[in-house]
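These notes concern the structure reproduced below.
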Amino acid sequence: MQNSSLTADIESADKNACACCGGAKIHEFPQYLAIDSKLSLADYIGAFKVRMGMGRSDYSVAPGLYSLGNPGRDSVVIVSSNYKLTFDSLRSAIEGLDAWILILDTRGVNVWCAAGKGTFGTEELIRKINDCKLSLVVDHFKLILPQLGASGVAAHEVEKATGFKVIYGPVYASDIKSFIASGYKKDAKMRAVEFGLIERIKVIGVEFVLAIPYLIYIFAAIFILNMLKGRGVIAKTLSDFRPFLIASLSGTCAVPVLLPWLPTRSFAIKGLFAGAISFLAGALFSKKSAVGRLAEALIIPSISSMLALNFTGATTYTAESTTIREVKAFFKPLLISAIAGAFIYVFDILSEKR
Amino acid sequence: MKLKHISGERNLRFESDKCKGCQMCVNVCPHGVFEIVGGKAGIVDLEACMECGACAKNCPFGAISVKSGVGCAYAIINGMLKGTAPNCGCSDSSSGCCGEK
């Protein structure tokens, strides 16, 4: 089967029903879709696009039962979400394995986030086990779930309701093969969520793209201000826009990349620090007046810090209670500083001589 | 390098006397918060806890409770402005948070 047509099949399948078993009789072997491990060019392009924040909310495959390789009655059953990025990384990570893959309907959200919301959850898992008649597919009554699904699934309740024993596998799909080969043994490393440089760089794209609309508003506002003053509008706007661009790059790119090395464990302070350095570096080239520089000093670190706070949502280790404490301590002061800076900035532009 | 968020309390409670040492919490925790010591679980790294709730959900003996939520400032600010619980809209259409897993 050609990979491009396969993708089309998956995506056109009914997204609300179990794709596998429409119309099957009670004791009939359920239907399933055969897939392979090879990613097509379209899969890579799709992955790149979601990384850049495009169509991220609608990148899904049909829930249901899939077969990879040539699975039989004693082959493993691996459960996952219907976010296509997850689906693709799973099927390519287990190349060479004969496996059943049971895809839950998580509305196109990755396993961990969906588990937090309960869509990758006990109820949905029980429903899919029943809808896809899993007890007719395999004899062993074991399921391998991604460990990060555990915040939505109660293993003992699934077993009570269906007889299927939930085995929590490794965090990363890339460890599944060695996990299975070792007889389901998991070391501390396989259990740990990482947030290394590569992972942090991967989320930069989305962080920056989400900041772009705000940057466009700011750019438009500065453009209008300079039009009112009737000066070399384009060049002036570009130079006046600079601190805002620096601030957002500091908050959305520098903070994620330098995360472990920026001082303290507070995101707001990390962002302030990165923003202060950016301000000082920019000040070397600034042709602004003292008042203009004061405005930049108020604006750049606060915007950088707010964006760094926002980055908590993309990390793998912030708790709600700690993040609430950070927001309560920093959000208002940062907002006030940024707004005060913006007023001074506008005043400075309007009062500049030609 | 193990990254941890700011120090202080976490919304995680563990009742040792209910624990039967089944190791499920150790098995599901992505941050190594629990370890089995002398046949029972114990919290060994509280500040690594991100309150995901996996341990509480999978403890068959109800020995653990977690007030779980989203560690996402955008969601928290969103909730504060609208007077609701923290809400990032991840499962709806637009989304401001959630890394790719």
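The values are calculated or read from the model by the stated rules, or taken from the named source; none is laboratory data. What you are looking at is a predicted structure, and each value in this text was computed from that prediction instead of being measured. Cβ placement follows ideal geometry from the backbone for every residue including glycine, while neighbour counts extend to all protein chains displayed.
Entry remark, region A:254-269: residues being buried (at least 18 other Cβ atoms within 10 Å of the Cβ) and either away from every other protein chain (no Cβ under 12 Å) or touching a Pro at 6+ places or on another chain (Cβ under 8 Å) (or both) number 3 in total.
In region A:43-89, the qualifying residues are those that are of a type in the set (Phe, Trp, Tyr) and crowded, with 17+ Cβ neighbours inside 10 Å, and the one that is farthest from the chain's Cα centre (by Cα) is A:66. Of A:163, A:205, A:149, all but one fail to be buried (at least 19 other Cβ atoms within 10 Å of the Cβ) and out of contact with any His (no Cβ under 7 Å at 6 or more places or on another chain); the exception is A:149. Per the conditions (1) crowded, with 20+ Cβ neighbours inside 10 Å; (2) more than 7 Å from chain B (Cβ to nearest Cβ); (3) at pLDDT below 95, the sole criterion not satisfied by residue A:306 is (3). Does residue B:2 satisfy being surrounded by fewer than 18 Cβ atoms within 10 Å (Cβ to Cβ), more than 7 Å from every other protein chain (Cβ to nearest Cβ), modelled with pLDDT under 95 and part of a loop (DSSP other than H, G, I, E, B)? Yes, satisfied. The set of residues in region B:62-79 that are surrounded by 15 or more Cβ atoms within 10 Å (Cβ to Cβ), of a type outside the set (Val, Ile, Thr) and either within 11 Å of chain A (Cβ to nearest Cβ) or assigned to a strand (DSSP E or B) (or both) comprises B:65, B:68, B:69, B:71, B:72, B:73, B:74, B:75, B:78, B:79. Does any residue of region B:36-59 turn out to be over 12 Å from the mean Cα position of the chain (by Cα), without any contact (Cβ under 8 Å) to a residue 24 or more places away in the chain, assigned to a strand (DSSP E or B) and within 24 Å of residue A:146 (Cα to Cα)? Yes. Count of region A:316-334 residues, restricted to those that are surrounded by 14 or more Cβ atoms within 10 Å (Cβ to Cβ) and more than 7 Å from chain B (Cβ to nearest Cβ), is 3. Taking every residue in region A:34-47 that is within 18 Å of residue A:62 (Cβ to Cβ) and touching a residue at least 24 places away in the same chain (Cβ under 8 Å) and pairing it with any residue that is surrounded by 14 or more Cβ atoms within 10 Å (Cβ to Cβ) and aliphatic (A, V, I, L, M), at least 6 positions away or on another chain, the pairs with Cβ-Cβ distances below 6 Å are A:35/A:68.
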